[in-house]
Amino acid sequence: MNQDHAGLPLAGIRVLDFTHAAAGPYATMLLADLGAEVIKIEKPGRGDGARFMGEPMLGPRESDYYVSLNRNKRNLLLDLRTPQGRDLALDLAGKCDVVMENFRPGVMDRLGLGYADISARRPGIVYGSISAFGATGPMSGRPANDIIMQAVSGLMGVTGEQGGGPVRIGAPLTDFATGLFCLSGVLAALLARDRHPEGQHVEVAMLDASIAMMANYVPSVVALGKRVPRLGRAHAQIVPYQAFECSDGTYVMVGAFTNGFWRRLCEAVGQPGWIDDERFASNVGRLAHREELLPPLCAIFRQRTREEWQAVLDEADVPNSPVLELDETLRLDQITHNHTVQDVGTVGQPCPTARCPVHSDGWPSVAAAMPPRMGEHSAEVLRDLLGKSEAEIGELVAAGVTDVLETSGAGT
């Protein structure tokens, strides 16, 4: 156990991490942030495909995409297709509390590393599996990633300008939401170990996680046959709850999501008569008369700059915000105050990443460790956890079962 993590809530928990790409590594990174020892398994010579997504950051095999999802982990290269690689993975699983994977259904079983295989070796294991569509069913074997899932789940279908086509959400939302759901399931399973000493298999499908993020739409779509329209900067269930263009070409977001906020907004924009207008007296009415309300409201907002409107809305206590580009957001004083961005690079090679947002007064704040290079911890994991000698490690390297990071830079 990393002594720096001794006071963290998951200190003493060891995780064997077979995940790759985004959803799984995001979940295991958060486990590591909370103090778990995470051992990331990658294939020799190739590694996690995320190493090559995005822009090179710390080296040719450490892209910004990979770096952002793999801090605080150790790395071991194993060829799981070889009997020796599989056996070493099983031996390691026997010393772990959690196993995580996000391969297509059936892959881990074929490798001899499925839940049944590992729970036989390590009774009480918490085994987390992430799949695209689920372990069984007509779509279970299909490959998918975030953009595919945004499309098939309906997320893309409800996103876009009115009258326009569907638009992908800019962040890999289905990846990260699936990782968070899996994380919550794994933490719940760890909490329940006293009641479930036999262990548990926690499974999350990206499709299910994506639908869960649209829970507010499901009742009316299923029961009433509604179709959620694309409304651009507006909301399908609340009016007014959208961004308005201002006189300087910028946008201010207004969230009048209660009747109280609506009444304050009416006073703030100089339209007190709307308060008693039966068409707009309730959100149901405002939804029904959206086309009558929004054009004059949009025209009013185009009369002042965003800064002017923010002052007016703040004074009226109406929820509002400027619509910012990401680079503008990352320069906010609040971002600096919250230490939202954390550097995991080295001297002369900075690498800012988004910090774990979970904090508590019950555990210390610790510096993040750099994401591991390929094979960086192969030798020490095999030596310290499985008792392999230097000669035995050399034989495994020669056989192609594993690889180690050479000080000369090989493997980076």
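Read-outs: derived from the displayed coordinates by stated rules, not from any lab. Because the structure is predicted, anything quoted here is derived from the model rather than measured. Cβ: placed from backbone, ideal geometry, glycine included. Neighbour counts: every protein chain shown.
Of note:
- Alpha-carbon centroids, region 19-58 and region 311-334: separation in whole Å: 34 Å
- Here's the list of lysines a cross-link from LYS40 could span, going by alpha-carbon distance under 24 Å and ignoring same-chain residues fewer than 8 apart: LYS73, LYS95, LYS388.
- Karplus-derived 3J(HN,Hα) values for region 199-211, using 6.51 cos²θ - 1.76 cosθ + 1.60 with θ = phi - 60°, are x, 8, 10, 9, 10, 9, 9, 4, 4, 5, 5, 5, 5 Hz; glycine and proline are entered as x.
- For ASP48, distant residues with modelled amide H under 5 Å away: LYS43
- For the residues THR159, THR178, THR82, a GNM of the chain with alpha-carbon springs under 10 Å puts the largest fluctuation on THR82.
- For the pair region 89-154 and region 213-257, the centres of their Cα atoms are 36 angstrom apart.
- Most to least packed among 118-130, 19-31, 390-402 [average Cβ atoms within 10 Å]: 19-31, 118-130, 390-402
- Interchain or long-range residues, amide H under 5 Å from GLY114's placed H: ASP109
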